[in-house]
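J.: After the structure tokens below, expect a handful of questions from me.
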Amino acid sequence: MVHVRSLIFPRKSGHNGESGLCLNSIHKREVSNVRKQRKKKRFDQEFKISTVKMVTEGGEKVTEVAKSLGLHPNQIYNWKKKYCEEGKKAFPGKGHLTELSRLRKELQEVKVERDISKKAVGIFSKPTKNDSSL
């Protein structure tokens, strides 16, 4: 006998000889896909310190600041605790990588300027038809 429930929510094969997918397995896959899509938000040191200062020096409530910045209040409490314990050294993050990426970008810009200068020198140093008659 086939139950109405089994027609609506078919189960994996092996359960009463029926084939199909169980609703739980579909739900688990959807949840895991959602988790994969979320990216962890990363904030730089300056943002964290200014957020903490809004609460400590600005006199604003943590919940209000969190809501306005789209953060969870616990995140700000954690930053505040860490900032009070370690001061400006609290959020080292990947500061050395940002410096490195800034230097790489600057190097790339200098290379482009150099290449443009080389081309300009090549263009202006070629003799023209008027120069050959002199």
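J.: Being closer than 23 Å to E99 by Cα and free of Cβ contacts under 8 Å to residues at least 24 places away in the same chain: is that true of K40 here?
T.: Yes; evaluated as a whole, the condition is true for this residue.
J.: Given (1) modelled with pLDDT of 75 or more; (2) touching a strand residue (DSSP E or B) at 6+ places or on another chain (Cβ under 9 Å), identify the lone condition not met by P10.
T.: Only one criterion in (1) modelled with pLDDT of 75 or more; (2) touching a strand residue (DSSP E or B) at 6+ places or on another chain (Cβ under 9 Å) is unmet by P10, namely (1).
J.: Of the residues that make up the stretch 106-122, is at least one under 25 Å from E57 (Cβ atoms), surrounded by 10 or more Cβ atoms within 10 Å (Cβ to Cβ) and at pLDDT 85 or above?
T.: No; the residues of the stretch 106-122 include none that is under 25 Å from E57 (Cβ atoms), surrounded by 10 or more Cβ atoms within 10 Å (Cβ to Cβ) and at pLDDT 85 or above.
J.: Do any helices (runs of 4 or more DSSP H) entirely within the stretch 22-104 hold 1 or more residues that are at pLDDT below 90 and more than 21 Å from the chain's Cα centre (by Cα), and if so, which?
T.: Per the criteria, 23-37, 73-86.
The values are calculated or read from the model by the stated rules, or taken from the named source; none is laboratory data. The structure displayed is predicted, hence computed values, not measured ones. We place every Cβ from the backbone using ideal geometry, glycine too, and count neighbours over all the protein chains shown.
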